1. Show me the trypsin sites (Lys or Arg not before Pro) within segment 41-124 that DSSP assigns to loop and that have at most 13 other Cβ atoms within 10 Å of their Cβ.
2. Based on Cα coordinates alone, diagonalise the gyration tensor for segment 106-149, multiply each eigenvalue by 5, take square roots, and list the semi-axes in whole Å, largest first.
3. What fraction of the Cα pairs in segment 71-166, stated in percent, has a spacing above 23 angstrom?
4. For segment 59-166, what number of Lys pairs, 8 or more residues apart or on separate chains, have alpha-carbon atoms under 16 Å from each other?
5. Within 10 Å of each candidate Cβ there may be at most 12 other Cβ atoms; applying that plus a DSSP loop requirement, which chymotrypsin sites (Phe, Trp or Tyr not before Pro) in segment 69-156 survive?
6. Within segment 84-142, which GluC sites (Glu not before Pro) sit in a loop by DSSP and count at most 12 neighbouring Cβ atoms inside 10 Å?
Amino acid sequence: MKRRDFIIGMLALATSPLLASRANGSMEEEKLDSKIEKLELSEKEWEQRLTPEQFHVLRDEGTEPPRTSPLNKEKRKGIYACAGCELPLFTSEMKYESGTGWPSFFMTLPNAVETKTDFKILYPRTEYHCARCGGHQGHVFNDGPKPTGKRYCNNGVALKFIPEES
């Protein structure tokens, strides 16, 4: 399987709930706005679905210790998806070594994340979440590499790596 086919397949999988929900309407009449269908679970359902570490980060907006994620050393081609709902967020081509101790990416897949301002350490930071389940991923900074200049600093425990099939 080629990388391009894999990425297109993952994007199709991610948007299939949206397409299914609009199957009764005309695609010409209803312009696809690329919004991701939300996944809402109870606190108990999230606790059953996630490990305690994942729950701390994804649901309580916690942060894992730096340099603890095996994804820091992940070099294979593939997709980095939300550990809470498996929505593809990044490709391996978007990843780079930032030296911060967390997996870092210079951009996201289209419409994969939503942001909000976070004042937890007194000054404002931009926090980003999975667009499907709202799971906290990390913070985005303006000190990344070209072409975007962004650094999406992600908690590794909030991600699931899906390797590309050869």
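Each reported figure results from applying straightforward, stated rules to the coordinates on display, with no laboratory input. This structure is a prediction, so every number in the text was calculated from the model and none was measured. Reconstructed Cβ throughout: ideal geometry from the backbone, glycine too, with neighbour counts over all protein chains shown.
1. Numbers: sites: Lys44, Arg49, Arg59, Arg67, Lys73, Lys75, Arg76, Lys77, Lys95, Lys116, Lys120; in loops: Arg59, Arg67, Lys75, Arg76, Lys77, Lys120.
Those that pass, being in a loop and sparsely packed, are Arg67, Lys75, Arg76, Lys120.
2. Working: eigenvalues 62, 56, 7 Å².
Over the Cα atoms of segment 106-149, the semi-axes work out to 18, 17, 6 Å.
3. On the way: 799 of 4560 pairs.
Here the long-distance tail beyond 23 Å is 18 percent of all Cα pairs in segment 71-166.
4. So the count works out to 10.
5. On the way: sites: Tyr80, Phe90, Tyr96, Phe105, Phe106, Phe119, Tyr128, Phe141, Tyr152; in loops: Phe106, Phe119.
Answer by residue number: Phe119.
6. Details: sites: Glu86, Glu93, Glu97, Glu114, Glu127; in loops: Glu86, Glu97.
In loop regions of segment 84-142 (DSSP not H, G, I, E or B), the sparsely surrounded GluC sites (Glu not before Pro) are Glu97.
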